[in-house]
1. Looking only at residues in the stretch 61-83 that are among the aliphatic types (A, V, I, L, M) and part of a helix (DSSP H, G or I), which one is farthest from the chain's Cα centre (by Cα)?
2. Just the residues that are surrounded by fewer than 16 Cβ atoms within 10 Å (Cβ to Cβ) and either at pLDDT 95 or above or of a type in the set (Val, Ile, Thr) (or both), please, taken from the stretch 69-87.
3. Among the residues of the stretch 110-131, is any under 19 Å from Asp21 (Cα atoms) and in a helix (DSSP H, G or I)?
4. Condition check: more than 27 Å from Arg11 (Cα to Cα) and out of contact with any Pro (no Cβ under 8 Å at 6 or more places or on another chain). Does Arg83 satisfy that?
5. Output the residues belonging to the stretch 27-74 that are of a type in the set (Ser, Thr, Tyr) and in contact (Cβ under 8 Å) with a residue 24 or more places away in the chain.
6. Please verify whether Arg52 is surrounded by fewer than 17 Cβ atoms within 10 Å (Cβ to Cβ) and in contact with an Asp or Glu (Cβ under 7 Å, 6 or more places away or on another chain), treating the condition exactly as stated.
7. Does Thr162 count as without any contact (Cβ under 8 Å) to a residue 12 or more places away in the chain and surrounded by fewer than 13 Cβ atoms within 10 Å (Cβ to Cβ)?
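The values are calculated or read from the model by the stated rules, or taken from the named source; none is laboratory data. Because the structure is a prediction, the values reported are computed rather than measured. Here the Cβ positions follow ideal geometry from the backbone for every residue, glycine too, while neighbour counts run over all protein chains shown.
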Amino acid sequence: MPSHGNPDAERVRCFVLTISDTRTLATDTGGAAIVDLLERAGHEVVDRRLVRDDPDLVREIVQSQLGAVQAIVTTGGTGVTTRDSTYEALSGIIEKHLHGFGELFRMLSYDQVGAAAMLTRATAGTARGTVVFMLPGAEPAVRLAMTKLIVPVLGHAVAELTR
């Protein structure tokens, strides 16, 4: 697979946040998968937390990490239920939206879940020099996003933020 730049150019400092009203760290397989895949790719996960689906709390936690880490990966709260609010919590702090991430994710998801792929609001962007990815909560969706989209370009994306 051709790459733009060297995706392994840098060990990226990452923060992982699970947004869920029902999971615990022990049952959070999506968050655990993110940590595992980042670390196997040579990146550093400096912290992992789980928080209930509360937009103010999610925004506060993410804002506290901006600039302290190079990448933030969230999982959960990107659907359309009444409790899903990650998109609303974080879209206002995004300075540059990476629309291609959500478009590619939904395209890849379509092969796995069919038309239901349109119901995710997974997205990405940058804020204060940090790249932020918002993923669904389901482990298969997390693994898809991490293996096909995030891990292959994370080092390059972070390097671009410093240019």
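1. Of the stretch 61-83, the ones among the aliphatic types (A, V, I, L, M) are 61-62, 66, 68-69, 71-73, 80.
Narrowing further to those that are part of a helix (DSSP H, G or I): 61-62.
On the way: Ile61: 14, Val62: 11 Å.
Here the answer is Ile61.
2. Val80, Thr81, Thr82
3. Residues of the stretch 110-131 that are under 19 Å from Asp21 (Cα atoms), as a first pass: 120-122.
Next, only the ones that are in a helix (DSSP H, G or I) stay: none.
No, the stretch 110-131 contains no residue that is under 19 Å from Asp21 (Cα atoms) and in a helix (DSSP H, G or I).
4. Working: more than 27 Å from Arg11 (Cα to Cα): yes; out of contact with any Pro (no Cβ under 8 Å at 6 or more places or on another chain): yes.
Against the criterion (more than 27 Å from Arg11 (Cα to Cα) and out of contact with any Pro (no Cβ under 8 Å at 6 or more places or on another chain)), Arg83 qualifies.
5. Start the filter on the stretch 27-74 by keeping residues that are of a type in the set (Ser, Thr, Tyr), which leaves 27, 29, 64, 74.
Answer for the stretch 27-74, where residues must be of a type in the set (Ser, Thr, Tyr) and in contact (Cβ under 8 Å) with a residue 24 or more places away in the chain: Thr29, Thr74.
6. On the way: surrounded by fewer than 17 Cβ atoms within 10 Å (Cβ to Cβ): yes; in contact with an Asp or Glu (Cβ under 7 Å, 6 or more places away or on another chain): yes.
It is true that Arg52 is surrounded by fewer than 17 Cβ atoms within 10 Å (Cβ to Cβ) and in contact with an Asp or Glu (Cβ under 7 Å, 6 or more places away or on another chain).
7. On the way: without any contact (Cβ under 8 Å) to a residue 12 or more places away in the chain: no; surrounded by fewer than 13 Cβ atoms within 10 Å (Cβ to Cβ): yes.
In short, no.
A quick yes/no check of all residues on (1) touching a helix residue (DSSP H, G or I) at 6+ places or on another chain (Cβ under 6 Å); (2) among the polar types (S, T, N, Q):
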residue	(1), (2)
Gly31	no, no
Leu37	yes, no
Gly42	no, no
Gly67	no, no
Gly77	yes, no
His99	no, no
Gln112	no, yes
